[in-house]
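For reference, the structure is listed below as structure tokens.
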Amino acid sequence: MRNTKPPLPRDSPLLNYVATLFILTGWLGFNLAPAGAFQNHGPLIVINTLTAAIGAVVGWTSGSRLGLSLDSSTLYNGIICGLVTSTALVAYVSTPSMLIVTLISGLICHYVTDLLADSTYFYDPVDSFGINGIGGLVGTLGLILFATPTVNKAGATGLLSGGLKFAEVEGLTLIVTILITLLGTLVCLGLIKIIKILILSRRKEAAF
């Protein structure tokens, strides 16, 4: 937590475009890797990944209608949000389900990143938590709801298909992950405070 935020350098539209293109290309391989071979749900994964990017862009853009900020980086942020959201469920849900989840994710992630940007207590200059953290959380919740064996016979069965046990396991996993993240954050904050105190004490000793 911090009360002052240093000014961020101006974005380069060209670099943002190139970086997003690389991320999108790499993420397709990232999502395809668990399939092992392209014939193992490869077409579905490619379609769902691209659908996720489109859905999140639309969701992110729709946030402006709720009074949220809308700037030139909307397209890039929306794409990355969709890619992050897609990973958990890309090979286990139908394309319409992916579209629904990423639309919601884009809207929520946009709202959270705006809240963090205006906050005086949280500093997230690259929107890591707002996009990666929240997007991953929404994606996992989408998996819990929409996973269906009609899409992937070897996959899980979500709540809407009657998979209560899978939902319980995934829900417990989410809770444990959140607790570990909170604990790790608190430990890091504590270490940072200790280091700052040590540095300040050494500076005082050196001054004398």
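The values are calculated or read from the model by the stated rules, or taken from the named source; none is laboratory data. What you are looking at is a predicted structure, and each value in this text was computed from that prediction instead of being measured. Here Cβ is always computed from backbone atoms with ideal geometry, including for glycine, and neighbour counts include all displayed protein chains. Heads up: the accessible areas ignore ligands, DNA and RNA and are worked out on the full protein's heavy atoms, side chains in. Shrake-Rupley method; radii C 1.70, N 1.55, O 1.52, S 1.80 Å.
At-a-glance table
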| read-out | value |
| --- | --- |
| Amide N proximity, the stretch 80-95 versus ILE47 label position 7 Å along Cα-to-Cβ, cut-off under 16 Å | 90-95 |
| Carbon and sulfur %, accessible surface of the chain computed with the full protein complex present, 1.4 Å | 71 percent |
| Per residue solvent-accessible surface (Å²) - the stretch 58-195, probe of 1.4 Å | 54 Å² |
| Theoretical gain in end-to-end length, CYS188 to LEU160 [0.36 nm per residue, Cα-Cα removed] | 6.2 nm |
| Cα lying deepest toward the dipole's positive end in the chain, options THR157, THR102, THR87, charges on Cβ | THR87 |
| Dipole magnitude of the chain, debye to nearest 20 (Cβ charges: Lys/Arg +1, Asp/Glu -1, about Cα centre) | 580 debye |
| Total charge dipole magnitude, the stretch 112-208, about the Cα centre, Cβ charges on Lys, Arg, Asp, Glu only, Debye to nearest 20 | 480 debye |
| Helical contribution to [θ] at 222 nm, DSSP H n ≥ 4, -39,500 (n - 2.57), averaged over the chain, rounded to 500 | -22500 deg cm²/dmol |
| Signed unit charges on C-beta, dipole axis of the stretch 51-184, positive-most listed residue ALA53, PHE146, VAL126 | PHE146 |
| Sorted peptide list for 85-91, 74-80, 180-186, criterion being average Cβ within 10 angstrom, highest first | 85-91, 74-80, 180-186 |
| Using θ = phi - 60° and Karplus 6.51 cos²θ - 1.76 cosθ + 1.60, couplings along the stretch 148-160 (whole Hz; Gly, Pro as x) | 8, x, 5, 8, 9, 4, 8, x, 8, 10, x, 4, 5 |
